[in-house]
1. Could you sort out which of K33/K67; K3/K30; K67/K162 sit more than 30 Å apart by Cα distance in this structure?
2. Got a sec? Charge dipole of region 19-99, +1 on Cβ for Lys and Arg, -1 for Asp and Glu; which of L51, I61, L37 is way out at the positive end?
3. Report, to two decimal places, the Cα Rg of the chain normalised by 2.2 N^0.38 Å (N = number of residues).
4. Relative to the longest principal axis of the chain, what angle (0 to 90°, nearest 10) does the C-alpha long axis of helix 26-36 take?
5. Test of the criteria: in region 86-166, which GluC sites (Glu not before Pro) are in a DSSP loop and have at most 11 other Cβ atoms within 10 angstrom of their Cβ?
6. In whole Å, what is the distance between the alpha-carbon centres of region 85-109 and region 18-82?
7. Calculate the FRET efficiency for S50 and Y86 from the Cβ-Cβ distance with a Förster distance of 25 Å, rounded to the nearest 0.05.
8. When a/c is below 1.5 the answer is rounded, else prolate if a/b is larger than b/c, else oblate, so apply that to region 1-71 with a ≥ b ≥ c taken from the square roots of the Cα gyration tensor eigenvalues.
Amino acid sequence: MIKTIVVAASENNVIGIDNNLPWHLPDDLKFFKKTTLGKPVLMGRKTFESLGRPLPNRLNIVLSRSKQALPEGVLQFSDYNEAILYLEGKHTEEVCIIGGGVVFANTLDLVDQLFITRVHTSLENGEVFFPVINPELWTSVWEEFHEKDEAHQYSFTFQQFKKVNS
Ligand SMILES: NC(=O)c1ccc[n+]([C@@H]2O[C@H](COP(=O)([O-])OP(=O)(O)OC[C@H]3O[C@@H](n4cnc5c(N)ncnc54)[C@H](OP(=O)(O)O)[C@@H]3O)[C@@H](O)[C@H]2O)c1
């Protein structure tokens, strides 16, 4: 099973402020949707709370160590490996790990590919961060630049990395 992280991070790796995204970038949200649609999405409890509802047309899996009252169809696991074993048992082809900071920090070393939307700004008031990636472990396989415009307060670059030797 391919394990893919999907994240948007500033130049200084900020991913969250006030339990929310630090920006509104509609074309990145479209990219996120296209990348994750039809696949299970695995996230931490705080990210699920910040979304406010399950992402449609995807199996939503929430990691939490305490019992959560979750909408019908949303699965909870108290351990990352248990969630992965469950999905492997269902012969899942790919799982998307969608945050937030705690989950990314715990899973970066365990995944096969990264989709990073690198948002071209440096934010001083960041509260939640993506870990620094070791360039020796990751090969860039694709990237596409997106200009700043009326709908997008920052320019950004979609980047895809694969783990070296994976
Ligand atoms: N820019 C982006 O791409 C992006 C993506 C996603 C989220 N975000 C942002 O990130 C922020 C939230 O991130 P966060 O780091 O505060 O929280 P988080 O990673 O979303 O959730 C943390 C919680 O998840 C549970 N958890 C995490 N790892 C676990 C594990 N291995 N086993 C069991 N439970 C585990 C724990 O829940 P319990 O405390 O219930 O046990 C933990 O307190 C928000 O600001 C959000 O908007 C940004």
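What follows is calculated from the coordinates using simple rules that are stated; it is not laboratory data. Quantities reported herein were computed from a predicted structural model and do not represent experimental measurements. As a convention, Cβ positions derive from the backbone with ideal geometry for all residues, glycine included, and neighbour counts pool all protein chains shown.
1. K67/K162
2. Final value for the positive-end residue is L51.
3. 1.00
4. So the inclination is approximately 40 degrees.
5. Those that pass, being in a loop and sparsely packed, are E93, E124, E136, E147, E150.
6. 11
7. Taking R0 as 25 Å, the efficiency between S50 and Y86 is 0.60.
8. Working: a/c = 1.65, a/b = 1.20, b/c = 1.37.
Oblate, since a/c reaches 1.5 and b/c is not below a/b.
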